[in-house]
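One structure is given below, encoded as structure tokens.
The values are calculated or read from the model by the stated rules, or taken from the named source; none is laboratory data. Since the model is a prediction, treat every value here as computed from it, not as a measurement. Methodologically, a virtual Cβ is constructed for each residue, glycine included, from the backbone with ideal geometry; neighbour enumeration extends over all protein chains shown.
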Amino acid sequence: MFLYFNCYFFPFWWACHIVMLELKYFYLSTYYRITLTALTVVMTLVEVARLYLGYLGNLQEKVPALAGSWLLSLLLQAPMLLFHLCNPHLIMLPVEWATGLLYLAFIVTEIVLSIRALRRLTAQLEERFHLAHLHLHQERQEGQNA
């Protein structure tokens, strides 16, 4: 459910982020202009891939896709968002704080829930594999006994 709500929240966050970036662009140093612009582009691309992999992993029960979404959240999206929120040299406007903290709450919750979902999904797939292997073994024994 968090992925679903994140799909609707991310465009709102992105629009707020772009507007706030435009408002404070000329007050930032050249270094932070380039950094913030690159960060916005990379975060957008990573978020699209992360949400796609999360949906694919959840709906089709694909462990690699769900693990990819979890890794993108943990290793890329969360650190980039924390850099954006915690850097004292960036001019943070109240709207950015509000949307950024809500977005961080989404990501942290998704990281925790993804771990739980991955554990359950791998246990379920392991059980299916063992049952299929047991069924195949029983069929072979019945074929040899007949």
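Remarks
- Applying the condition of being in contact (Cβ under 8 Å) with a residue 40 or more places away in the chain and either among the hydroxyl-bearing types (Ser, Thr, Tyr) or more than 23 Å from Leu23 (Cβ to Cβ) (or both) to the range 58-93 and asking which residue is surrounded by the most Cβ atoms within 10 Å (Cβ to Cβ) yields Ser69.
- Residue in the range 114-130 that is outside any helix (DSSP H, G or I) and either touching a residue at least 12 places away in the same chain (Cβ under 8 Å) or out of contact with any helix residue (DSSP H, G or I) (no Cβ under 8 Å at 6 or more places or on another chain) (or both) present: no
- Any hit, the range 70-87, residues being modelled with pLDDT of 90 or more, under 17 Å from Met1 (Cα atoms) and either aliphatic (A, V, I, L, M) or touching a helix residue (DSSP H, G or I) at 6+ places or on another chain (Cβ under 7 Å) (or both): yes
- Leu45, sole failed condition from (1) closer than 22 Å to Ala117 by Cα; (2) assigned to a helix (DSSP H, G or I): (1)
- Answer residue from the range 22-51, given it is closer than 18 Å to Met92 by Cα and within 23 Å of the chain's Cα centre (by Cα) and is surrounded by the fewest Cβ atoms within 10 Å (Cβ to Cβ) among those: Ala38
- Search result, residues across the range 28-58 that are farther than 19 Å from Ile111 by Cα and hydroxyl-bearing (Ser, Thr, Tyr): Ser29, Thr30, Tyr31, Tyr32, Thr35, Thr37, Thr40
- Boolean, Arg33 is assigned to a helix (DSSP H, G or I), touching a helix residue (DSSP H, G or I) at 6+ places or on another chain (Cβ under 8 Å), charged (D, E, K, R) and farther than 30 Å from Leu125 by Cβ: yes
- Those residues of the range 57-68 which are in a helix (DSSP H, G or I) and closer than 17 Å to Gln124 by Cα, in sequence order: Gly57, Asn58, Leu59, Val63, Pro64, Ala65, Leu66, Ala67
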